[in-house]
Amino acid sequence: MPSNKLKNFNLRGRGEIIRLIFAVSGKQYSDDRIDFEQWWAQKNRAPLGQLPYLKIDSVELPQSMAIARFLARETGLNGKDSLEQAQVDAVVETIMEPVNYYYTFVFSIEDPDEKDEAFRDFLEKQGKNGAKNVEKLIEMYGSSGYSVGDSLTWADLAIFDTVHSLLIKHPNFSQSFPVLNRVYENVKANPSVANCVKNRP
């Protein structure tokens with residue numbers, strides 16, 4: 001069995017979906033959390049010079065979505081057939097649109113007041129529009145508190161991770177999106193997810 005070592009910053013960020021897939025699947029891995037002070041000495045050794053990346057034996061795989069998709073396929077969390085897999089990808093890509101916008105235009109703002117204003121604007125525009133679009137897909141593809149089909153996929157984990165982060169800054173966000181919130185609460189109740197959230201640094 002190959003060894004898996006996830007190298008990521010000591011925070012959630014783009015690597016948390018990967019940790020959630022490992023947690024739910026029970027697949028063993030080493031969670032190598034790197035502080036920012038350590039990172040600059042290691043940056044040149046990382047593929048593409050960025051985190052996260054997954055080391056599978058001697059193979060280094062960059063890009064968080066490529067890693068997550070690979071692990072979902074390996075662990076059966078990518079959908080039951082090729083059509084479900086495409087639907088899962090559609091849900092993930094849709095929820096990642098506002099996430100990518102946030103990391104590009106909001107996350108790197110240093111001034112606290114400017115960042116708060118940018119976040120409020122992001123939430124009102126990209127956040128709400130993204131949530132509405134994801135709800136449309138859940139209503140088309142999902143059932144029983146799952147975004148696609150009737151069992152857990154990594155699309156549900158992506159929804160959980162994104163909504164969880166939003167709720168930290170905006171506790172009432174999900175109340176406006178009951179379809180999205182149903183998936184969030186369903187994943188939140190998963191024992192493996194609950195344990196992962198409880199024990200993470």
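The values are calculated or read from the model by the stated rules, or taken from the named source; none is laboratory data. It should be emphasised that the depicted structure is a prediction, and the values quoted were computed from it without experimental measurement. Virtual Cβ from ideal backbone geometry, glycine too; neighbours counted across all protein chains shown. Surface accessibility is based on the protein's heavy atoms, side chains included, excluding ligands, DNA and RNA. Shrake-Rupley method; radii C 1.70, N 1.55, O 1.52, S 1.80 Å.
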Requested in this report: Kindly list the number of the only condition in (1) under 27 Å from residue 195 (Cα atoms); (2) out of contact with any strand residue (DSSP E or B) (no Cβ under 7 Å at 6 or more places or on another chain) that fails for residue 152.
Outcome: (2)
Report summary line: Within the stretch 139-164, restricting to residues that are of a type in the set (Asp, Glu) and within 20 Å of residue 70 (Cβ to Cβ), the one that is surrounded by the most Cβ atoms within 10 Å (Cβ to Cβ) is 156
Query - All positions within the stretch 40-62 that are in contact (Cβ under 8 Å) with a residue 12 or more places away in the chain and surrounded by fewer than 12 Cβ atoms within 10 Å (Cβ to Cβ) - result: 48, 57
Requested in this report: Could you list all residues from the stretch 63-78 that are surrounded by fewer than 17 Cβ atoms within 10 Å (Cβ to Cβ) and either of a type in the set (Ser, Thr, Tyr) or farther than 21 Å from residue 12 by Cα (or both)?
Outcome: 73, 74, 75, 76
Requested in this report: State whether the residues of the stretch 115-138 include one that is open to solvent by less than 90 Å² (accessible area, probe 1.4 Å), part of a helix (DSSP H, G or I) and either assigned by the TED database to the domain that holds residue 25 or in contact with a strand residue (DSSP E or B) (Cβ under 8 Å, 6 or more places away or on another chain) (or both).
Outcome: no
Report summary line: Within the stretch 25-39, the residues that are within 18 Å of residue 1 (Cβ to Cβ) and surrounded by 15 or more Cβ atoms within 10 Å (Cβ to Cβ) are 25, 29, 31
Query raised in the report: Do we find that residue 111 is over 24 Å from residue 85 (Cα atoms) and open to solvent by 70 Å² or more (accessible area, probe 1.4 Å) in this structure?
Result: yes
Query raised in the report: Consider residue 24 against the criteria (1) under 20 Å from residue 167 (Cα atoms); (2) touching a residue at least 40 places away in the same chain (Cβ under 8 Å): it satisfies all of them except one. Which criterion is unmet?
Result: (1)
Query raised in the report: Can you name the number of the only condition in (1) surrounded by fewer than 21 Cβ atoms within 10 Å (Cβ to Cβ); (2) modelled with pLDDT of 95 or more that residue 103 fails?
Result: (2)
Query raised in the report: Is it the case that the stretch 170-191 has a residue that's under 17 Å from residue 103 (Cβ atoms), at pLDDT 95 or above and part of a helix (DSSP H, G or I)?
Result: no
Report task. Output yes when any residue across the stretch 82-97 is surrounded by fewer than 16 Cβ atoms within 10 Å (Cβ to Cβ) and over 19 Å from the mean Cα position of the chain (by Cα), and no when none is. Result -> yes
Query raised in the report: Just one of the numbered conditions (1) over 17 Å from the mean Cα position of the chain (by Cα); (2) modelled with pLDDT under 95; (3) of a type outside the set (A, V, I, L, M, F, W, C) is not true of residue 132; which one?
Result: (2)
Report task. Scan the stretch 67-78 and report the pairs whose first residue is at positive phi and whose second residue is modelled with pLDDT of 95 or more and open to solvent by 20 Å² or more (accessible area, probe 1.4 Å), with Cβ atoms within less than 9 Å and a gap of 6+ or a chain change. Result -> 76/25
